[in-house]
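**Q** So that we are looking at the same thing, I have put the structure below in structure tokens.
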Ligand SMILES: [Zn+2]
């Protein structure tokens, strides 16, 4: 499926891994017309890799960009790199991190702000920690399309996964994106979005509202029944979320609590949490 309408072609190849956490499936994007780049090969799925190679046809794949090393984004890199010899661009998972694809090996060390010259087009690397620490967004400079991986999703908000994920970094990364010239967001899951600043502002507001709801909920709970467990607090703060998503909501709630603890607005006793009354 073609996306965008500019002079550098961008095509989306939808992965076959639809599910609770992946929506319609992982988006792989092919960029360019002769020497191509791919964003996110997806999971190890020979059927999906074949679909990418069919779209590629006789053209060469020279660059593989990987937003982050979760199992639905990066593990297909090894197979695709073997078939094409492409340069692999991304960040390794931090040592010892769990739920990460440790098979992922970038071609060298890459840095925030670096621009990869792909001849027909250029791609700027934008370090965007928060969902996980090794997350990159990629800016296609000719089109001002930002490939957002799991930093920004269409139709839902990403889970922030402590300890590698970090709510403060997530909010800082969102604010940083507002300094970029953006015409569209190409997410790792869901459809393209053509109001980047509106989407980013909505996400920031959503997170700050959830943060305030966390503080208020915790003060109310702890004033009635003492320090609250994560589970009890999640039921209160995420009362708008379906039951089956609560285990994931708890992870993001923990990310909120860790940030609020650093800000001196909540405190932890063992595995229970209390609010700090603000006076003045
Ligand atoms: Zn992810």
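**Q** Roughly what angle does helix 167-177 make with the longest principal axis of the chain, taking Cα atoms, 0 to 90 degrees, to the nearest 10?
**A** The helix 167-177 is inclined about 50 degrees to the chain.
**Q** Still on this structure, please answer the following. Need the full-extension length gain, residue 54 to residue 246, defined as separation in residues times 0.36 nm minus the C-alpha distance. One decimal, nm.
**A** This chain segment gains 65.2 nm when fully extended.
**Q** Quick check on the exposure proxy: order 102, 256, 70 from fewest to most C-beta atoms within 10 angstrom.
**A** In increasing order of surrounding Cβ atoms, one gets 102, 256, 70.
**Q** Each label point is 7 Å from the Cα along the Cα-to-Cβ direction; what then is the distance between the points at residue 7 and residue 272, in nm?
**A** 6.6 nm
**Q** If you don't mind, there's one more thing I want to ask. Once you have the Cα-Cα distance between residue 95 and residue 197, take 0.36 nm times their residue separation minus that, and quote the gain in nm to one decimal.
**A** 33.3 nm
**Q** Please give the Cα centre distance for segment 150-221 versus segment 31-59, rounded to the nearest Å.
**A** Measuring centre to centre over Cα atoms gives 29 Å.
**Q** While we're here: Relative to the longest principal axis of the chain, what angle (0 to 90°, nearest 10) does the C-alpha long axis of helix 246-262 take?
**A** Taking Cα atoms only, the helix is inclined about 70 degrees.
**Q** Counting only DSSP beta bridges with both residues in the chain, tell me the antiparallel percent, nearest 5.
**A** Beta bridges within the chain, antiparallel portion: roughly 70 percent.
**Q** Quick one: length gained pulling residue 82 to residue 261 fully straight, 0.36 nm per residue minus the C-alpha distance?
**A** Separation in residues times 0.36 nm, less the Cα-Cα distance, equals 59.9 nm.
**Q** Continuing with this model, one more query. Have a look at 187, 106, 129 and tell me which one the Gaussian network model of the chain (Cα, springs below 10 Å) gives the largest fluctuation.
**A** 106
**Q** Then there is this: Compute the acute angle (0 to 90°) between the alpha-carbon long axis of helix 196-225 and the principal axis of greatest extent of the alpha-carbon atoms of the chain; round to the nearest 10°.
**A** Taking Cα atoms only, the helix is inclined about 30 degrees.
**Q** Please report Rg (one decimal) and Dmax (integer) in Å for the Cα set of the chain.
**A** Here Rg and the maximum Cα pair distance are 19.9, 69 Å.
Values quoted throughout were computed directly from the atomic coordinates according to the rules given, and no laboratory measurement underlies them. From a predicted model like this one, the values you see are computed outputs, not experimental measurements. Positions of Cβ are generated from backbone atoms using ideal geometry, with glycine treated the same way; all protein chains shown enter the neighbour counts.
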